[in-house]
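Engineer: Sending over a structure as structure tokens; questions will come in a sec.
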Amino acid sequence: MVHGLSFDIEEHFQVAAFDCVARRRHWESHESRVERNTHLILDILEERKIHATMFVLGWVAERHKGLIRRIAQSGHELASHGYAHELITGQTPQVFREDIRRAKRTLEDIGGAPILGYRAPTFSITRESEWALSILVEEGYHYDSSIMAVVHDYYGIPGAIPTIHTISTDSGTIWEVPPSTCKWAGMTFPVAGGGYFRLFPYWLLKPLLQRIESQGHPLIMYLHPWELDPTQPRMRGSMLSEFRHYLNLGEVQSRLIQLLQDFSFGPYLNLITK
């Protein structure tokens, strides 16, 4: 089975856990590390002849056009992570529409291909922001990958369908490609990547992923370039935020390589168009 692999292309200083108005004003003054970290990912994938989906932030694309062109020319799927990494739960519908429209136009102009996929910053399509799905349809997106069927302080729709499916909106139908979760002891646990990929040792994570595969469902995995960068400048935040962000960063590259050896991967778009 071919599974779905993606990367959210954003800077280490743009994560929601450390976000605040003052810090956002100083984005331009922070050291940029997204280009070198993403090139590392592209090298790893190229060596193994694997293609993936790259959910790119429009803000990053404008500043690293050569990186975006390499992603597109290497055969990866370019998709949208929005423009400014604003949580949808903090936006009005009109602000959200302008954000995803700007991101789509930016990525299409640089990459030269239609942008059909979207992932919200910090998976922030929740019960309160499901209205965003209709706007995605209206703006030309074919699929979303933002709904996590879990309980979390930032995101999640507990009880949501945990596998690839379509959602009917007032504006039409859109595919939903939710990151993978696993049920155990009556509870739903995220296992798709990100902090969960760093939290669980790989020897424990692998059989959970194999269980999903054995049920006939493709894995929907994700990571961030900053997760392969253990020497990134440290930001100060709450104890929980620092734990979530910096946990086991030095393990991610080797775990990713092992994951690519144990499972077959391709872009998300292939999973809804085959």
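Engineer: Taking the stated definitions as given, is Ile110 open to solvent by less than 40 Å² (accessible area, probe 1.4 Å), touching a residue at least 40 places away in the same chain (Cβ under 8 Å), more than 30 Å from Trp184 (Cα to Cα) and over 18 Å from the mean Cα position of the chain (by Cα)?
Structural biologist: Answer is yes for this residue.
Engineer: While we're looking at this one, here's another question. Among helices (runs of 4 or more DSSP H) lying entirely in segment 197-274, which contain 3 or more residues that are open to solvent by 60 Å² or more (accessible area, probe 1.4 Å)?
Structural biologist: Passing ranges, in order: 202-214, 239-246, 252-262.
Engineer: Now for a separate question. Please state which of the following conditions Asp8 fails to meet, knowing it meets all the rest: (1) open to solvent by 10 Å² or more (accessible area, probe 1.4 Å); (2) under 15 Å from the mean Cα position of the chain (by Cα).
Structural biologist: Just one mismatch for Asp8, condition (1).
Engineer: Take Leu133 and decide whether it is under 25 Å from Phe265 (Cβ atoms) and in contact (Cβ under 8 Å) with a residue 24 or more places away in the chain.
Structural biologist: Against the criterion (under 25 Å from Phe265 (Cβ atoms) and in contact (Cβ under 8 Å) with a residue 24 or more places away in the chain), Leu133 does not qualify.
Engineer: Please verify whether segment 120-131 includes one or more residues that are at pLDDT 95 or above and in contact with a strand residue (DSSP E or B) (Cβ under 8 Å, 6 or more places away or on another chain).
Structural biologist: yes
Engineer: Across segment 89-107, which residue is surrounded by the fewest Cβ atoms within 10 Å (Cβ to Cβ) among those that are within 21 Å of Thr53 (Cα to Cα) and of a type outside the set (S, T, N, Q)?
Structural biologist: Checked segment 89-107; the qualifying residue surrounded by the fewest Cβ atoms within 10 Å (Cβ to Cβ) is Arg105.
Engineer: Looking at Val95, Val60, Val56, can you tell me which residue is without any contact (Cβ under 8 Å) to a residue 12 or more places away in the chain, within 27 Å of Glu176 (Cβ to Cβ), out of contact with any Phe, Trp or Tyr (no Cβ under 7 Å at 6 or more places or on another chain) and aliphatic (A, V, I, L, M)?
Structural biologist: The match here is Val95.
Engineer: Hey, among Leu228, Leu259, which residue is within 13 Å of Gly193 (Cβ to Cβ), at pLDDT 95 or above and in contact with a Leu (Cβ under 7 Å, 6 or more places away or on another chain)?
Structural biologist: Leu228
Engineer: Any idea which of (1) over 23 Å from His245 (Cβ atoms); (2) at pLDDT 95 or above is the one Met1 doesn't satisfy?
Structural biologist: Condition not satisfied by Met1: (2).
Engineer: Please list, ordered by first then second residue, the pairs with beta carbon atoms under 6 Å, 6 or more apart or interchain, first in segment 150-177 and on the phi > 0 side of the Ramachandran plot, second at pLDDT below 95 and among the hydrophobic types (A, V, I, L, M, F, W, C).
Structural biologist: As it stands, the answer is Gly156/Met148; Gly156/Val150, since those pairs meet every condition given.
Engineer: Now for a separate question. Determine whether Asp153 is at pLDDT 90 or above, of a type in the set (D, E, K, R), out of contact with any strand residue (DSSP E or B) (no Cβ under 7 Å at 6 or more places or on another chain) and open to solvent by 40 Å² or more (accessible area, probe 1.4 Å).
Structural biologist: no
The values are calculated or read from the model by the stated rules, or taken from the named source; none is laboratory data. Since this is a predicted model, take the numbers as computed values, not measurements. Neighbour counts run over all protein chains shown; Cβ positions are idealised from the backbone, glycine included. These area figures cover heavy atoms from the full protein model, side chains too; ligands, DNA and RNA do not enter into them. Shrake-Rupley method; radii C 1.70, N 1.55, O 1.52, S 1.80 Å.
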